[in-house]
Amino acid sequence: SSDFAKAAAHLGREIDADKRALSRAQKHQRYIERSGGYAKRADEIERDEKGFVVAGNIGLTPDATKAFWKAAVAEETRRDARVQDRLIVELPHWIQASDRRAIIERFGRVFDERNLPWFVAVHLPDRHGDERNFHAHGVVGTRPFLTKPDNTDDEAGWTFAPTKDRKTQGSEWI
């Protein structure tokens, strides 16, 4: 096989890996949002008087979060780069939806203080499971952002720190 063919095959693998990384980040975001066909029923995300109980600093619509993850993945130079951490948080069942909203907003302040991108959605208990299983799914980006666009639906306005926040990794951070 020629050197050109080897280089083309290598480039093709890198492009495919980039697409997979983007796809994984966006797919997990859609799972959290219960958008893009991931919803089993219409009421999986909790609602209060303000609407869906979601919080974050990367935008609160599927278009905005998709644009963010596209920008975040594009920032990475390694094709196997970790771009997001995922979390599940158990929430009290005996409080109101607005109180659970306050909890996730307060929870997100620690990420805001470090300019880490984050998004959390409160999920309702499964219809056939334990009725007390209120929980939140979230994602946190691994690279702090320096600026974000006025319109978060636009991936072009995001800029990121040159290095990841290594202090947010490991058991001390948790």
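Among the residues of segment 75-104, the one identified as in contact with a strand residue (DSSP E or B) (Cβ under 8 Å, 6 or more places away or on another chain), of a type in the set (Lys, Arg) and under 22 Å from residue 145 (Cβ atoms) is 86.
Close contacts from segment 71-100, counting a first residue that is at negative phi and a second that is among the basic types (Lys, Arg) and modelled with pLDDT under 95, with Cβ to Cβ under 7 Å and a gap of 6+ residues or different chains, come to 72/143; 75/143; 93/132; 97/47.
Applying a threshold of 6 Å to beta carbon distances and a minimum spacing of six or more residues, or different chains, the list of pairs starting in segment 162-173 at a residue that is touching a residue at least 24 places away in the same chain (Cβ under 8 Å) and ending at one that is open to solvent by 60 Å² or more (accessible area, probe 1.4 Å) and part of a loop (DSSP other than H, G, I, E, B) reads 165/114.
Condition test on residue 166, is it farther than 23 Å from residue 80 by Cα, among the charged types (D, E, K, R) and surrounded by fewer than 17 Cβ atoms within 10 Å (Cβ to Cβ)? Answer is no for this residue.
Evaluated against (1) assigned to a loop (DSSP other than H, G, I, E, B); (2) at pLDDT below 95; (3) not small (Gly, Ala, Ser), residue 94 falls short on exactly one condition, (2).
All told, residue 79 falls short of being open to solvent by 80 Å² or more (accessible area, probe 1.4 Å), over 18 Å from the mean Cα position of the chain (by Cα), closer than 21 Å to residue 32 by Cα and of a type outside the set (Phe, Trp, Tyr). If you go through segment 99-142 and keep only what is within 12 Å of the chain's Cα centre (by Cα) and part of a loop (DSSP other than H, G, I, E, B), you end up with 116, 117, 142.
The values are calculated or read from the model by the stated rules, or taken from the named source; none is laboratory data. A quick note: this is a predicted structure, and the numbers were derived from the prediction, not measured. Virtual Cβ from ideal backbone geometry, glycine too; neighbours counted across all protein chains shown. Areas reflect the complete protein model, heavy atoms only, side chains present, ligands, DNA and RNA absent. Shrake-Rupley method; radii C 1.70, N 1.55, O 1.52, S 1.80 Å.
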